[in-house]
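None of the figures in this text is laboratory data; all of them are computed from the coordinates on show. Here the structure is a predicted model, which is why all the values come from computation and not from measurement. Note that each Cβ is placed from the backbone with ideal geometry, even for glycine, and that neighbours are counted across all protein chains shown.
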């Protein structure tokens, strides 16, 4: 009697685990059951679409052409705290885009750090912003920025990283330094990085479960921010600059 019950429980657990670990199929923008397309997009050579947003002076008049690479849990609609006055004075053209699988860009099941660099290169070419451009990688957007530095350095005029995420198992980093840096993160964040590195097949469940915090920033924990960060955020929220461009 116990054997059939044990088998049923085991099969049920395996089914639950498979369903929990496997990400749901993506909803493609513009498809029958997918979200509507509201932004301009380009079609890449492999058939995928990348959504983008332009800001600043016309690219034909720009002195600085900057591609902004967003991070985790955000999109091309990220707010960039820069005034219109500065944009016009320096003649800056900004190009924001949704990375593969974000916002209105199609997912790329074969996405790698390397493929993101070539997505950026093709975006720049199709929009004809010129042979060289600047990039800004924000948060997890540091990974594609690093990829551009490695795979398409001849296309870059410069690169900047803003609050970048790093890979704590990069072989070029001293092991002890990487360990010390990882331990400075909140404990939930440490475990999330470990899961992503050692058990990526578990990451979808880890990030979507409700039992415990996976990333402190998603839970509203401001522990990651320094005292000066808190001061800047406080001033920004209390006195938003009406001339800042989103």
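A few remarks follow.
- Virtual paramagnetic centre 7 Å along Cα→Cβ of residue 112, amide N under 19 Å, in the range 30-45: 45
- With the simple spin-label model, which puts each label point 7 Å out from Cα in the Cβ direction, the residue 85 to residue 221 separation comes to 4.0 nm.
- If you sort the three axes of the alpha carbon gyration tensor as a ≥ b ≥ c, you get a/c of 1.5 or more for the range 107-246 and a/b no higher than b/c, which makes it oblate.
- Dimensions (Å) - the range 17-117, Cα atoms, principal axes, largest first: 55, 26, 25
- Computed [θ] at 222 nm, helices only, for the chain once each DSSP H run of length n ≥ 4 contributes -39500 (n - 2.57): -11000 deg cm²/dmol
- Whole-number percent relative contact order across the range 26-165, with pairs defined as alpha carbons under 8 Å at least 6 apart: 25 percent
- Taking the chain and dividing mean pair separation by its residue count, relative contact order in percent (alpha carbons under 8 Å, at least six apart): 18 percent
- FRET E, pair residue 125, residue 209, Förster distance 30 Å, beta-carbon r, rounded to 0.05: 0.15
- The distance separating the Cα centre of the range 77-156 from that of the range 191-215 comes to 27 Å.
- Among 161-170, 66-75, 206-215, the order from most to least packed when residues are scored by Cβ within 10 Å on average: 66-75, 161-170, 206-215
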